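Below is one structure, written out as structure tokens, with a few remarks after it.
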Amino acid sequence: MFPSMFIVGDVLVSADILTEYFACDIEACHGQCCEEGNAGAPVSQEEASDIERQLDAIWPHMSATAQAVVEKQGVAYTDPEGDLVTSICHGRDCCFRGPRGCLLRERPISCHLYPIREKRLGPDTLALNYDRWSICKDAILRGRREGIHVYEFLREPLIRRFGQAWYEELEDIARHLPDMG
């Protein structure tokens with residue numbers, strides 16, 4: 001049996017990112033991950049500042065409710081766990097989602113990486129975990145049907161976050177999984 005975590009570069013990666021199947025099926029779920037939940041998407045201070053810089057361009061496309069929330073609390077807030085997250089409407093809906101999807105020019109990396117979630121385990125330790133959410137059942141079925149693993153579906157955001165060489169190391173580990181049992 002292979003390990004439950006692998007080290008890629010200096011990042012701990014959950015094995016199920018390499019073994020589980022996933023491919024978003026927006027036609028089936030209609031982007032519920034932007035409309036459900038009890039907190040916004042995790043963002044860095046730099047990402048929150050980037051969203052602030054985009055406000056003039058996206059403001060006319062935001063709902064009146066989203067505009068009111070952002071006017072009151074800003075583009076992000078600190079959630080009960082102490083994480084900086086994007087502002088949400090009605091305690092669940094992303095303020096930066098328009099009728100045709102995300103209004104932001106570049107999505108926060110936490111959105112782009114979903115269903116992978118980053119978890120800081122210490123000052124020098126970062127872990128990546130596969131976040132299972134019932135609203136993504138269609139993505140799991142599509143991934144199985146098309147033979148697309150989580151890491152393959154998220155190739156672009158993983159490269160955006162960690163770089164090409166890191167992703168190639170991840171692919172190499174995935175290729176050798178059958179040899180590990």
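Read-outs: derived from the displayed coordinates by stated rules, not from any lab. Note that the structure is predicted; figures quoted are calculated from it, not measured. Here the Cβ positions follow ideal geometry from the backbone for every residue, glycine too, while neighbour counts run over all protein chains shown.
Each of Cys102, Cys95, Cys89 has some number of other Cβ atoms within 10 Å of its Cβ, and from fewest to most they run Cys102, Cys89, Cys95. If I take all pairs of Cα atoms in region 32-104, what percentage of them are more than 21 Å from each other? Counting every Cα pair in region 32-104, those more than 21 Å apart make up 14 percent. Enumerate the whole-percent occupancy of each 10 Å bin, from 0 to the last occupied one, for all C-alpha pair distances of region 90-181. In order of increasing distance, the bins hold 13, 37, 38, 10, 2 percent.
Here is the size of region 105-158 from its Cα atoms: Rg then Dmax, 12.6, 39 Å. Note on His90 and Ala39: the model spin-label points, each 7 Å out from Cα along the C-beta direction, lie 2.2 nm apart.
Projecting the Cα atoms of Cys94, Tyr77, Gly40 onto the charge dipole of region 32-104, computed from C-beta unit charges around the Cα centre, puts Cys94 farthest toward the positive end. With the simple spin-label model, which puts each label point 7 Å out from Cα in the Cβ direction, the Asp124 to Glu156 separation comes to 3.5 nm.
Extension gain, Asp10-Glu46: 0.36 nm per intervening residue step, less the Cα-Cα distance, totals 10.7 nm.
A Förster radius of 22 Å, combined with the Cβ-Cβ distance separating Arg144 from Ile26, puts the computed FRET efficiency at roughly 0.80.
Each Lys and Arg adds +1 at its Cβ and each Asp and Glu adds -1 at its Cβ; summed about the Cα centre, the chain shows a dipole of about 420 debye. Taking every Cα-Cα distance in the chain and sorting them into 5 Å bins starting at zero, the pair-distance distribution P(r) comes out as 1, 8, 15, 19, 18, 16, 12, 7, 3, 1, 0, 0 percent.
Free of any GluC sites (Glu not before Pro) that DSSP assigns to a loop and that have at most 15 other C-beta atoms within 10 Å, the longest stretch within the chain is 107-181. Applying both filters, DSSP loop and at most 15 other Cβ atoms within 10 Å, to the trypsin sites (Lys or Arg not before Pro) of region 82-114 gives Arg92, Arg100, Arg105.
Within the chain, no helix built from a complete DSSP H run reaches 27 Å or longer along its own axis (Cα positions) while carrying a mean Kyte-Doolittle hydropathy of 1.6 or higher.
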